[in-house]
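Notes follow once the structure below has been shown.
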Amino acid sequence: MDHTDVTKQKTKSQAVSRGIFIFLVVLSLGGVAIMDYSVTYGLWYWLAMSVVSGGVSIGLAWRGAAEAGETAGGHLKKQVFHWLALIGALMLVFFLQSAEELTPTTSGLMALLMLALATTLAGVHFRPRLAVLGGIQAATFVAAVLTEEFFWVLLILILVVVVVDIVWRSKQKVQN
């Protein structure tokens, strides 16, 4: 494989990673709205988000280990337990909600906060880019708590993510 093929493969890999990152941001932003719509759908949504986020994190660790010529076993085991702990904590939040100790909206917000913390910690311990996603999730949590017009804040956050991605891509193209 020559240098051009390696560069193309790396660029394609970065584009896929960026696309997955944006997809996770959009999914995270929609969770609170779903929780307001339906408690049952909200529970499954947050559990699915935990599995998807964990899967992405584990996939990134696996790919990173392969690129470095290392085995990923130890990293993968830590990550599996990390994300399983989040799923267990989410189940406890929804147990409190089913016992009518928390409202559906509060349960959704707690789920988002817990996902933000788990994603940020995955970024600290495993892949730094995940810490950025966790920060966006935490900002979404704050926006949802502080505003009644969450949809408009949500729309603005999505637009900011898209604009940042476009600017980042254009800078990457100029550098290459």
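The values are calculated or read from the model by the stated rules, or taken from the named source; none is laboratory data. This is a predicted model, so every value here is computed, not measured. Cβ atoms come from the backbone with ideal geometry, glycine included; neighbour counts cover every protein chain shown.
Tabulated results
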quantity: Residue tally, condition surrounded by fewer than 19 Cβ atoms within 10 Å (Cβ to Cβ), assigned to a helix (DSSP H, G or I) and modelled with pLDDT under 90, over the stretch 97-126; calculated: 7
quantity: Residue among VAL132, VAL145 that alone is within 18 Å of GLY19 (Cβ to Cβ) and out of contact with any helix residue (DSSP H, G or I) (no Cβ under 6 Å at 6 or more places or on another chain); calculated: VAL132
quantity: So GLY108, is it touching a Phe, Trp or Tyr at 6+ places or on another chain (Cβ under 7 Å) and small (Gly, Ala, Ser); calculated: no
quantity: Verdict on LEU159 being of a type in the set (A, V, I, L, M), more than 18 Å from TRP44 (Cβ to Cβ), in contact with a Phe, Trp or Tyr (Cβ under 8 Å, 6 or more places away or on another chain) and modelled with pLDDT under 85; calculated: no
quantity: Index of the failed condition, VAL16 passing every other in (1) surrounded by fewer than 16 Cβ atoms within 10 Å (Cβ to Cβ); (2) at pLDDT 85 or above; calculated: (2)
quantity: Selection from the stretch 64-90 of residues that are surrounded by 14 or more Cβ atoms within 10 Å (Cβ to Cβ), farther than 19 Å from GLY134 by Cα and without any contact (Cβ under 8 Å) to a residue 40 or more places away in the chain; calculated: ALA65, ALA72, LEU76
quantity: Residue satisfying all of: in the stretch 25-56; at pLDDT 75 or above and under 9 Å from the mean Cα position of the chain (by Cα); surrounded by the fewest Cβ atoms within 10 Å (Cβ to Cβ) among these; calculated: VAL52
quantity: Filter pass, ALA66 being under 26 Å from GLY30 (Cβ atoms) and either assigned to a helix (DSSP H, G or I) or hydrophobic (A, V, I, L, M, F, W, C) (or both); calculated: no
quantity: Test set (1) in contact (Cβ under 8 Å) with a residue 60 or more places away in the chain; (2) surrounded by fewer than 17 Cβ atoms within 10 Å (Cβ to Cβ); (3) under 17 Å from LEU24 (Cα atoms) - LEU133 fails condition number; calculated: (2)
